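Enquirer: Structure below; questions to follow.
The values are calculated or read from the model by the stated rules, or taken from the named source; none is laboratory data. All figures in this text were calculated on a predicted structure; none of them were measured in a lab. Heavy atoms of the whole protein, side chains included, go into the accessibility calculation; ligands, DNA and RNA do not. Shrake-Rupley method; radii C 1.70, N 1.55, O 1.52, S 1.80 Å.
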Amino acid sequence: MDNLRLPPGFRFHPTDEELVVQYLRRKVHSFPLPASIIPELDVCCNSDPWDLPGDSHQERFFFSSREVKYPNGNGKRSNRSTPSGYWKATGLDKQIVSWRNKQLVGMKKTLVFYKGKPPTGQRTDWIMHEYRLAAHPQLRTQAMEKWVVCRIFFKKRGKKEQVQEEIIHEQKDNKSNPIILFYDFMAATSKRKEGDLPLLSSGSSGITTTNDVDAAYGEEEEEEESKSNSNCDHV
């Protein structure tokens, strides 16, 4: 992509149909391409998305071969691991239909990059659209199974999306890591007469949470208030 000289002001922004029909189909059938602007690169195995050639602040396009993860098995699941993580498909594949004759020409798969190893990888904002040709199973060739064209970009988030994501992560952390307090039951029993912390228990484990503490204080206040009211009635 860096070797192509475009006139000032021109950008490479092909539609989904143009990528499939004008570039991928020609690549598969060894026809001349409209421009030598999409290089061949093994996107999913050798490089992380931020290390791919080209300007990382713009969309980048690559012809890539689909390496089968289990070559000796019956399935045709692609290997999408990289040195630092893996690409994970999300959502359903989208059909690409020609606007001229309304025929199905290709399929688009959306993938998100995760750092680490599955299934505990950390989601990032790197997105890949993987395009493949659509054809009848009996008409598919080995070249059609091998080649795909990939569009890779970094999704920019607004401040509102970032704040919402931080709130969600914070809520998950609070649910998964509750605050646990430990008490000495004997000490708590002896101090109960002095108005200190009431005896609290959660089953037989001797463990209470902050929510239990608040509830116990509320019950003790109600008990003291009812006693004072009864004394007033006797007077």
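Enquirer: What are the residues whose amide H is under 5 Å from the amide H of G85, where those residues sit 5 or more places off or on another chain and H is modelled from the backbone?
Expert: Placed amide hydrogens put G116 under 5 Å from G85.
Enquirer: Can I ask one more? In terms of solvent-accessible area of protein heavy atoms at a 1.4 angstrom probe, what is the ranking of S98, S30, highest value first?
Expert: Details: S98 10, S30 100 Å².
Listed by decreasing accessible area, they come as S30, S98.
Enquirer: I've got another one for you. Can you give me the solvent accessible area of R66 with a 1.4 Å probe, rounded to the nearest 10 Å²?
Expert: About 70 Å², rounded to the nearest 10.
Enquirer: Let me ask something else. Residue by residue, what Karplus-based ³J(HN,Hα) values in Hz, rounded to whole numbers, does segment 33-49 have, using 6.51, -1.76 and 1.60 with θ = phi - 60° and x for Gly and Pro?
Expert: The phi angles translate into 8, x, 7, 8, 10, 10, x, 8, 7, 7, 5, 8, 10, 9, 9, 7, x Hz.
Enquirer: Then there is this: Compute the distance from the alpha-carbon center of segment 102-135 to that of segment 37-67, in whole Å.
Expert: Rounded to whole Å, the Cα centres lie 13 Å apart.
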